[in-house]
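> Sharing a structure, written as structure tokens. Questions coming.
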Amino acid sequence: MKFELLQPHTPEYETARRPQITRYADVKPTAIARCRTPTEIAEAIAYARQDGARIAIRSGGHCFAGRSSTTGVLIDVS
């Protein structure tokens, strides 16, 4: 696994999971995959699919409809 994976027990998780829109502050992903390349994104998607987890993509975190929040795997490309 080349991407950085943050989970609830990881020290950086809480800071990384907080969305820009406070309306979604209670939504906590099972994992956050920090990806920098298309290959890392593909690996993160495969990781999420292993467990059948939902996926959301976050670039800047500004989605008023909540599409950059999930209780599954959050793929962060910011």
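The values are calculated or read from the model by the stated rules, or taken from the named source; none is laboratory data. Everything numeric here is computed off the predicted structure, so don't read it as measured data. For neighbour counting, all protein chains shown are included, and Cβ atoms are generated from backbone atoms with ideal geometry for every residue, glycine included. Please note that ligands, DNA and RNA were not included when accessible areas were found on the heavy atoms of the full protein model with its side chains. Shrake-Rupley method; radii C 1.70, N 1.55, O 1.52, S 1.80 Å.
> Once you charge only the Cβ atoms, +1 for Lys and Arg and -1 for Asp and Glu, what is the size of the charge dipole of the chain about its Cα centre, to the nearest 20 debye?
Once rounded to the nearest 20, the dipole reads 220 debye.
> Moving on. What accessible surface, in Å², does a 1.4 Å probe find on Arg58, ignoring ligands, DNA and RNA and rounding to the nearest 10?
20 Å²
> Per-residue HN-Hα couplings for region 15-32, Karplus 6.51 cos²θ - 1.76 cosθ + 1.60 at θ = phi - 60°, whole Hz, x for Gly and Pro?
Here the 3J(HN,Hα) series is 5, 5, 7, 4, x, 5, 8, 5, 4, 9, 5, 8, 7, 10, x, 5, 7, 10 Hz.
> Now for a separate question. Put a dot 7 Å past each Cα toward the Cβ at His9 and Phe64; how far apart are the dots in nm?
Those two pseudo-labels are separated by 4.0 nm.
> Still on this structure, please answer the following. Cut-off 10 angstrom, C-alpha nodes, Gaussian network model of the chain. Which of Ala16, Ala53, Ala65 fluctuates the most?
Result for the chain, Cα springs under 10 Å: Ala65 fluctuates most.
> Restricting the count to DSSP beta bridges whose residues both fall in the chain, what percent are antiparallel, rounded to a multiple of 5?
Approximately 25 percent, going by the DSSP bridge assignments.
> Take peptides 42-48, 7-13 and line them up by average Cβ neighbours within 10 Å, highest first, as a rough protection proxy.
42-48, 7-13
> With no solvent and one equal point scatterer placed on each C-alpha of the chain, evaluate the Debye formula and give log10 I(q)/I(0) for q = 0.11, 0.12, 0.22, 0.23 Å⁻¹, two decimals.
Result of the Debye calculation: -0.23, -0.28, -0.96, -1.05.
> Evaluate the relative contact order of the chain (contact order divided by residue number), counting alpha-carbon pairs under 8 angstrom at least 6 apart; express in whole percent.
So the answer I get is 35 percent.
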